[in-house]
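Here is the structure we will look at, set down as structure tokens.
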Amino acid sequence: MIVLGIETSCDDTGVALLKDGTKLLANLLSSQVNLHAVFGGVVPEIAARKHLDTLLLLTMKALEQAGLSLEEVDSIAVTNRPGLVPSLLVGVTFAKGLAYALDKPLVAVDHLEAHAFAIFLEREVDFPFVALVVSGGHTSLFLVEDFGSMRHLGATLDDAAGEAFDKVAKVMGLGYPGGPVIDKLAKGGDFKAIPFPVAKTDGYSFSFSGLKTAVINYVKKNPNYNAADVAASFQEAVVKALLQKTLKAVEEFGVPRVVVAGGVACNSWLRKRFTEDLAKRNASVFFPSPKFCTDNGAMVAFVGTYRYGRGERAELSVDVHSRVL
Ligand code: KG4
Ligand code: ZN
């Protein structure tokens, strides 16, 4: 069974062809990062227009790489939630067009579910597991009980973790996206140098806007600040907040397995701290390779495969949603 996965929920256009849920025949990504860099963040209108320019070409290229024709695709899986509405609309409208023209079934995929299951493109993880999805648009914790069966435990009340990385980097004049630059810069800094605050939030919710403001204030009040120390201390505060809630879920549900996914899961300090702290609790942590952490079509095709296999079909009238349903 061959599933075409289409991802356009933010600023990356992703197209993949996955055979039988295991064999990735093509996985192409077109990043718009340079287009949005001048604005210091994603501009939804620009993102949507670029997806429109790219999607057909990328799909043709993926088919060529896989040595397939469109007729050989069994199902079309597309992200329809959550994300930027203009961006989602381009992907979903394109997928609907293909499904209608080819008379192929359409499957609507939740972007966060796709991130949580991206690890399965590389290895299996026993159920249940705790999944932390941390990206530029989302910070959510789930208890994953089975394929497609996820309990949403909590999310950020304000900024997403990646958004905080991007905003702090902007204030420090480090460019966009901020995550990779801060990650690199922090390697030469002391993570204990500045005690940035970790928000005290209820249950499984997160908050990063107070931390972001604290870093901005610190940078403004200390013009000769040590950038590496600020980066390392900020990063430590983000990771501490993510770890606290993840460990709480591991303990409360007695689940010794954690998957961390989304763009921020590329962060080297996060990987080190999660690996060490979970090992102390006899729990394992799994990180997808960076190319499967950030947005991609393969993870959409993977979720599309098991949902299609269960007989799930989206109507051609299926809508897009900016938020988690
Ligand atoms: O998953 P993703 O590609 O797109 C969204 O769905 O948002 O994540 C992008 C986010 C950006 O905020 C970027 O700064 C962050 O992931 N990011 C990182 C790192 N690499 C990417 N954050 C921290 N450390 C990194 N190494
Ligand atoms: Zn994402």
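So that you can scan it fast, the table gives a plain yes or no per residue for (1) more than 19 Å from the chain's Cα centre (by Cα); (2) assigned to a strand (DSSP E or B):
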residue	(1), (2)
ALA118	no, no
PHE127	yes, no
ALA131	no, yes
GLY154	no, yes
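Which residue, of PHE147, PHE191, is away from ligand 2 (no atom under 15 Å from the Cβ), open to solvent by 30 Å² or more (accessible area, probe 1.4 Å) and closer than 24 Å to ARG257 by Cβ? Even if it seems obvious, please write down each step before you answer.
On the way: PHE191 fails: closer than 24 Å to ARG257 by Cβ.
Of the residues listed, the single one that is away from ligand 2 (no atom under 15 Å from the Cβ), open to solvent by 30 Å² or more (accessible area, probe 1.4 Å) and closer than 24 Å to ARG257 by Cβ is PHE147.
Away from ligand 1 (no atom under 15 Å from the Cβ) and in contact with a Gly (Cβ under 6 Å, 6 or more places away or on another chain): which single residue out of GLY154, GLY136, GLY148 fits that description? Explain how you work it out, then say what you get.
Working: GLY136 fails: away from ligand 1 (no atom under 15 Å from the Cβ); GLY148 fails: in contact with a Gly (Cβ under 6 Å, 6 or more places away or on another chain).
Of GLY154, GLY136, GLY148, the one residue that is away from ligand 1 (no atom under 15 Å from the Cβ) and in contact with a Gly (Cβ under 6 Å, 6 or more places away or on another chain) is GLY154.
Is it the case that segment 179-196 has a residue that's part of a loop (DSSP other than H, G, I, E, B), over 20 Å from the mean Cα position of the chain (by Cα), in contact (Cβ under 8 Å) with a residue 12 or more places away in the chain and under 20 Å from THR156 (Cα atoms)? Outline the logic, then answer.
Keep residues of segment 179-196 that are part of a loop (DSSP other than H, G, I, E, B), which gives 187-196.
Still in the list and also over 20 Å from the mean Cα position of the chain (by Cα): 187-196.
With the extra rule that they be in contact (Cβ under 8 Å) with a residue 12 or more places away in the chain, the set shrinks to 187-196.
Pick out the ones that are also under 20 Å from THR156 (Cα atoms) and you get 196.
Checking segment 179-196: at least one residue is part of a loop (DSSP other than H, G, I, E, B), over 20 Å from the mean Cα position of the chain (by Cα), in contact (Cβ under 8 Å) with a residue 12 or more places away in the chain and under 20 Å from THR156 (Cα atoms).
How many of the residues in segment 121-144 are open to solvent by less than 20 Å² (accessible area, probe 1.4 Å) and within 16 Å of ligand 2 (Cβ to nearest atom)?
Initially, segment 121-144 is screened for residues open to solvent by less than 20 Å² (accessible area, probe 1.4 Å), giving 125, 129-135, 139-144.
Next cut, within 16 Å of ligand 2 (Cβ to nearest atom) only: 131-135, 139-142.
Of the residues in that region, 9 qualify.
For segment 105-116: of the residues being among the aliphatic types (A, V, I, L, M) and part of a strand (DSSP E or B), which is farthest from ligand 2 (Cβ to nearest atom)? If you could, list the steps in order and put the result at the bottom.
Looking only at segment 105-116, we keep the residues that are among the aliphatic types (A, V, I, L, M), and these are 106-109, 112, 114, 116.
Retained after the next criterion (residues that are part of a strand (DSSP E or B)): 106-109.
Values: LEU106: 21, VAL107: 18, ALA108: 16, VAL109: 12 Å.
Taking the candidates together, the pick is LEU106.
Quickly run through segment 155-169 and pick out the residues that are open to solvent by less than 10 Å² (accessible area, probe 1.4 Å) and touching a residue at least 40 places away in the same chain (Cβ under 8 Å).
Let us first name the residues in segment 155-169 that are open to solvent by less than 10 Å² (accessible area, probe 1.4 Å), namely 160-162, 164-165, 168-169.
Residues satisfying the conditions are ALA160, ALA161, GLY162, ALA164, PHE165, VAL168.
Would you mind finding the one in VAL255, VAL264, VAL260 that is outside any helix (DSSP H, G or I), in the same structural domain as TYR176 (by TED's automatic domain parsing) and closer than 15 Å to THR139 by Cα? First the steps, then the outcome.
Working: VAL255 fails: closer than 15 Å to THR139 by Cα; VAL264 fails: outside any helix (DSSP H, G or I).
The unique qualifying residue is VAL260.
Yes/no matrix, rows are residues, columns are (1) under 15 Å from GLN235 (Cβ atoms); (2) within 16 Å of ligand 2 (Cβ to nearest atom); (3) buried (at least 24 other Cβ atoms within 10 Å of the Cβ); (4) of a type in the set (Gly, Ala, Ser):
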{"site": "PHE253", "(1), (2), (3), (4)": "no, no, no, no"}
{"site": "ARG257", "(1), (2), (3), (4)": "no, no, no, no"}
{"site": "TRP269", "(1), (2), (3), (4)": "yes, no, no, no"}
{"site": "LYS272", "(1), (2), (3), (4)": "yes, no, no, no"}
{"site": "PRO290", "(1), (2), (3), (4)": "no, yes, no, no"}
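This table checks each residue for (1) under 26 Å from ASP20 (Cβ atoms); (2) within 13 Å of ligand 1 (Cβ to nearest atom).
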{"site": "LEU242", "(1), (2)": "no, yes"}
{"site": "LYS280", "(1), (2)": "no, no"}
{"site": "PHE287", "(1), (2)": "yes, yes"}
{"site": "THR294", "(1), (2)": "yes, yes"}
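Would you check which residues across segment 77-104 are assigned to a helix (DSSP H, G or I) and touching a Ser or Thr at 6+ places or on another chain (Cβ under 6 Å) and list them?
Taking segment 77-104 and keeping what is assigned to a helix (DSSP H, G or I), we get 85-102.
Of everything in segment 77-104, those that are assigned to a helix (DSSP H, G or I) and touching a Ser or Thr at 6+ places or on another chain (Cβ under 6 Å) turn out to be VAL85, SER87, LEU88, VAL90, GLY91.
Hey, can you tell me all the residues within segment 31-65 that are open to solvent by less than 30 Å² (accessible area, probe 1.4 Å) and out of contact with any Pro (no Cβ under 8 Å at 6 or more places or on another chain)?
In the first step, residues of segment 31-65 are kept if they are open to solvent by less than 30 Å² (accessible area, probe 1.4 Å); the result is 32, 36, 40-41, 47-48, 51, 54-55, 58-59, 62-63.
Passing the criteria: GLN32, HIS36, GLY40, GLY41, HIS51, THR54, LEU55, LEU58, THR59, ALA62, LEU63.
For segment 84-94, indicate whether the set of residues that are more than 14 Å from ligand 2 (Cβ to nearest atom) and touching a Lys or Arg at 6+ places or on another chain (Cβ under 8 Å) is non-empty. Write out each step before concluding.
Within segment 84-94, the subset more than 14 Å from ligand 2 (Cβ to nearest atom) is 85-86, 89-90, 92-94.
Right, trim to touching a Lys or Arg at 6+ places or on another chain (Cβ under 8 Å) and you get none.
Scanning segment 84-94, I find no residue that is more than 14 Å from ligand 2 (Cβ to nearest atom) and touching a Lys or Arg at 6+ places or on another chain (Cβ under 8 Å), so the answer is no.
The values are calculated or read from the model by the stated rules, or taken from the named source; none is laboratory data. Since the model is a prediction, treat every value here as computed from it, not as a measurement. All Cβ positions, glycine included, derive from the backbone under ideal geometry; neighbour counts span all protein chains shown. Just so you know, the surface numbers come from the protein's heavy atoms only, side chains and all, with ligands and any DNA or RNA stripped out. Shrake-Rupley method; radii C 1.70, N 1.55, O 1.52, S 1.80 Å.
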